[in-house]
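To keep things clear, I will list the structure first and then write my remarks on it.
Here, each number is a calculation from the coordinates, and none is a lab measurement. Here the structure is a predicted model, which is why all the values come from computation and not from measurement. No Cβ is skipped: glycine too gets one built from the backbone with ideal geometry, and neighbour counts run over all protein chains shown.
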Amino acid sequence: MGRHAIETYTRQITDKNRRLSTIYEAIESGKLEIDNINHRLKQLKDDMDELEKGKRALEYKMHNTEVQHIDFNTVKRYVKKLRPLLSKGTIAERRNFISSFVERIIIKYPEIEIQFTIPNQVTKKKASMVVL
């Protein structure tokens with residue numbers, strides 16, 4: 001997931017740089033006048049800034065993600081602790097509670113990957129991923 005997304009950002013940034021270079025070459029050769037393309041240059045630069053921000057945020061998240069491998073018995077203990085809490089409230093309230101920290105569940109039989117975020121006061125790391 002993360003590496004593929006970073007590669008996508010990198011390809012898009014490279015494409016935007018190529019477009020900017022083409023415009024700059026056209027201006028330098030006299031084929032275009034700068035007054036006619038100011039808006040397009042600004043738009044390309046803004047797009048590149050947004051792509052760079054997205055790429056950096058994703059890289060940061062990947063770098064600060066802790067992968068934990070847990071076994072079935074550990075999951076059972078977690079379920080046992082959460083069951084009383086989840087038995088109260090409506091289905092919508094339970095779903096909202098779970099979705100407040102579970103970001104994604106990926107099933108690749110026979111493995112299940114749960115990506116979640118839980119603030120941890122000790123390590124200051126927020127993102128975690130559990131592979132069952």
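Our compactness index for the stretch 2-63, the C-alpha radius of gyration over the empirical 2.2 N^0.38 Å, is 1.36. With 26 Å as the limit on Cα-Cα distance, the pairs of 16/61; 88/108; 31/55; 55/76 that go past it are 88/108; 31/55; 55/76.
The charge dipole of the stretch 59-106, taken about its Cα centre with unit charges on the Cβ of Lys, Arg, Asp and Glu (plus for the first two, minus for the last two), comes to roughly 400 debye. The residues neighbouring residue 32, those whose beta-carbon lies less than 12 Å from its own, together hold a net charge of -2 under the Lys/Arg +1, Asp/Glu -1 convention.
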